[in-house]
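Undergrad: Let me give you the structure first, and then I'll get to my questions.
The values are calculated or read from the model by the stated rules, or taken from the named source; none is laboratory data. The structure presented is a predicted model; accordingly, all values stated were derived computationally and were not measured. So basically every Cβ, Gly included, is an ideal-geometry build from the backbone, and we count neighbours across all protein chains shown. Only protein heavy atoms, including side chains, enter the accessible area calculation; ligands, DNA and RNA are left aside. Shrake-Rupley method; radii C 1.70, N 1.55, O 1.52, S 1.80 Å.
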Amino acid sequence: MTTHEKLIALLNQHNARYRVVEHPATGKCEAVAEIRGTEVGQGAKALVCHVKGNGIKQHVLAVLPADQQADLSKVAESVGGRRASLASPAEVDALTGCVFGAIPPFSFHPDLRLVVDPLLFERYDEIAFNAGLLEKSVVMSVADYRTMHNGNVMKIIC
């Protein structure tokens, strides 16, 4: 099952309010937001990070609004580590089944711990994100994401 198929199955299983938007693959948050009909800040940016220190070796899926920057030291602290770095493309593929930029804000891998910044829940009624593929996005209810994400909520932005 692809990450996209797992995502859609999860959303349907939870009766989430969502829609799929097909669009050209683009690496620009602003361009995708315009195509989706959303604001950049509604985007749920998902970064795979490698955390080390304090006896911790953990991969983290850090989810934050697309108009913000992750504070990697806060990402590390969120799981008890000392430092964090972005994972390599090979690690991203192994842990998510996606290329960088297509990662949804859900973890489907037992070794990938999810941490969500609370700002994602505070500004909009809907969030938008790539759905495991660069050419498909999901726009979904923030309330539904809040109940479904199964991660820790901690401040991880600068």
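Undergrad: At 222 nm, what helix-only mean residue ellipticity would the chain give, in deg cm²/dmol to the nearest 500, using -39500 (n - 2.57) for each DSSP H run of four or more? Don't skip to the answer; put the middle values down first.
TA: Values: 5 runs with 41 residues, N = 158.
-7000 deg cm²/dmol, from helical runs alone.
Undergrad: Top mean-square fluctuation among S78, S141, S88, Gaussian network model of the chain, C-alpha springs under 10 Å?
TA: The residue that fluctuates most here is S88.
Undergrad: Quick one: net charge around F100, please, counting Lys, Arg +1 and Asp, Glu -1 for every other residue with C-beta under 15 Å from its C-beta. Don't skip to the end; give the middle numbers.
TA: Values: positive: K28, K45; negative: E91, D93, E135.
Summing Lys and Arg as +1 and Asp and Glu as -1 gives -1.
Undergrad: 5 Å is the cut-off here: which amide hydrogens, built 1.01 Å from N in the peptide plane, fall below it relative to E126, excluding neighbours closer than 5 in sequence?
TA: Result for E126 returns V142.
Undergrad: Decide, for the range 61-158, between rounded, prolate and oblate: order the square roots of the alpha carbon gyration tensor eigenvalues as a ≥ b ≥ c, take rounded if a/c falls under 1.5, and otherwise choose prolate if a/b is larger than b/c, else oblate. The partial results should precede the final answer.
TA: Values: a/c = 1.61, a/b = 1.09, b/c = 1.48.
Cα axes put the range 61-158 in the oblate bin.
Undergrad: Taking the simple approach of a point 7 Å from Cα along Cα-to-Cβ for both Y124 and E22, what is their distance in nm?
TA: 2.3 nm
Undergrad: Sticking with this structure for a sec: Who wins for biggest fluctuation among T26, T96, T38 in a Gaussian network model of the chain, springs between alpha carbons below 10 Å?
TA: Its mean-square fluctuation being the largest, the pick is T26.
Undergrad: Find out how many positive minus negative residues lie around A131, taking Lys and Arg as positive, Asp and Glu as negative, among other residues whose Cβ is under 12 Å from that of A131.
TA: Numbers: positive: K6, R19, R36, K136; negative: E5, E22, E135.
Every neighbour counted, the sum reads +1.
Undergrad: Could you order peptides 147-154, 100-107 by the average number of other Cβ atoms within 10 Å of their residues, highest first?
TA: Working: 147-154: 15.1, 100-107: 22.6.
Answer by packing, highest mean first, reads 100-107, 147-154.
Undergrad: Sticking with this structure for a sec: For the chain, give the share of DSSP beta bridges that are antiparallel, in percent and rounded to the nearest 5; count only bridges with both residues there. Don't skip to the answer; put the middle values down first.
TA: On the way: 26 of 34 bridges.
Here the share of antiparallel DSSP bridges comes out near 75 percent.
Undergrad: Further question: Distance cut-off 23 Å, Cα to Cα: go down the list K52/K74; K6/K28; K45/K155; K6/K45; K45/K74 and report the pairs above it.
TA: On the way: K52/K74 12 Å; K6/K28 25 Å; K45/K155 14 Å; K6/K45 19 Å; K45/K74 16 Å.
As for pairs spanning more than 23 Å Cα to Cα, those are K6/K28.
Undergrad: In the neighborhood of H14, defined by Cβ-to-Cβ distances under 14 Å, what is the net charge if each Lys or Arg adds +1 and each Asp or Glu adds -1? Don't skip to the end; give the middle numbers.
TA: Values: positive: K6, R17, R146; negative: D144.
Spelling it out: positives minus negatives among the neighbours equals +2.
Undergrad: With every protein chain present, what is the per residue accessible area of the chain (1.4 Å probe, Å²)? Please list the in-between numbers first.
TA: Values: 7770 Å² over 158 residues.
Accessible area per residue, the chain: 49 Å².
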